[in-house]
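See below for the structure under consideration.
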Amino acid sequence: MSMLFKKVVIVGVGLIGGSLGLILKQQGLAETVIGVGRRIENLQLAVKLGAIDRYESHAQDAVNDADLVVLATPVDTYSTHLREWGESLPAKAIVSDVGSVKGQLVVEAEELLPKPVRFVGAHPIAGREKSGVAYATADLFKGARCLVTPTTQTDPAALEAICELWRSAGSVVCSLDPFDHDFVLGAVSHLPHVAAFALMQALTQLQSQLGQSATLLEYSGGGLRDTTRIAASSPEMWRDICLANRGNLLKMIDVYMEHLKQFKDCVEQSDGTGLEKIMEQAKEARERLS
């Protein structure tokens, strides 16, 4: 694989940033990979694992001669980061990200960066419930979609460079408008996470009503584990995603609650025919995902 970048700076060396670093190093896609983060012990582990060559505590000390800077921090930190070090970037540098929300964040990034610097939004749809560079792996993105979110301001050469990076990581690269991205991901990712978190909260409340006579989760099977697996995801990350995409998410929660009410009404009225119809429709929709 040919080298794509001379120097890459990854701001936020966790699961996603660390996995990208491993790919850059193992495939020779970058000559040097610098990690930036808050926790020195995490950055030291990233060096030990081979995800980065070295690290800095402050991005300003790393980005001044970078070809590519990747934001892999919580999405609500983007504007703060770009204000702090955007002016330090060399002309024609590329800034990208891995965030689960785009929309207005892409608009802000394009406004905050000096014009010679090019921004390309990207979202690899891959991850695990466990966070941190300790769980990073070079095959995390293989076969997964990576959504790029170009705008009318996106430089074509920068867009192609980011697409090539994610294709090299094994991703299937697709393009979406940034605001369409937030609607789509709100429906298929953000809403399911909200449902999983809420279900675990409900089970916790039901456990308190049961008392100590039995532990609900002791009797759970694969269904509960499958349904709530994503509730083990990072609360910090998902807090920021929910708030950043709150306009879409609030509407989608309302739709979800309408369908829960339909289900509740059928149970309350002992309407077996209605229940079966709801379940059959859901079953057919789920089978179309296979």
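The values are calculated or read from the model by the stated rules, or taken from the named source; none is laboratory data. If you're wondering where the values come from, they're calculated on a predicted model, not measured in any experiment. Ideal geometry is used to build each Cβ from the backbone, glycine not excepted, and the neighbour counts take in all protein chains shown.
Computed quantities for the displayed model
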{"quantity": "Matching option when the condition is surrounded by fewer than 16 Cβ atoms within 10 Å (Cβ to Cβ), in contact with a helix residue (DSSP H, G or I) (Cβ under 6 Å, 6 or more places away or on another chain), among the polar types (S, T, N, Q) and in a loop (DSSP other than H, G, I, E, B), among 153, 207", "calculated": "153"}
{"quantity": "Qualifying residue in the range 76-92 (condition: over 18 Å from the mean Cα position of the chain (by Cα), closer than 19 Å to residue 165 by Cα, of a type in the set (A, V, I, L, M) and modelled with pLDDT of 95 or more)", "calculated": "no"}
{"quantity": "Options 179, 141: the member that is of a type in the set (Phe, Trp, Tyr), surrounded by 22 or more Cβ atoms within 10 Å (Cβ to Cβ) and either more than 15 Å from residue 22 (Cα to Cα) or in contact (Cβ under 8 Å) with a residue 60 or more places away in the chain (or both)", "calculated": "141"}
{"quantity": "Cβ pairs under 9 Å, 6+ apart, first in the range 22-48 and closer than 21 Å to residue 169 by Cβ, second assigned to a strand (DSSP E or B) and of a type in the set (Asp, Glu)", "calculated": "34/56; 35/56; 36/56; 37/56"}
{"quantity": "Scan of the range 1-51 for residues that are in a loop (DSSP other than H, G, I, E, B), modelled with pLDDT of 95 or more and within 18 Å of residue 61 (Cα to Cα), ordered by number", "calculated": "12, 13"}
{"quantity": "Residue 23 closer than 21 Å to residue 159 by Cα, buried (at least 18 other Cβ atoms within 10 Å of the Cβ), over 19 Å from the mean Cα position of the chain (by Cα) and among the β-branched types (Val, Ile, Thr)", "calculated": "no"}
{"quantity": "Residue in the range 71-87 that is closer than 21 Å to residue 25 by Cβ and in a helix (DSSP H, G or I) present", "calculated": "no"}
{"quantity": "Those residues of the range 233-246 which are surrounded by 14 or more Cβ atoms within 10 Å (Cβ to Cβ) and in a helix (DSSP H, G or I), in sequence order", "calculated": "237, 238, 240, 241, 242, 244, 246"}
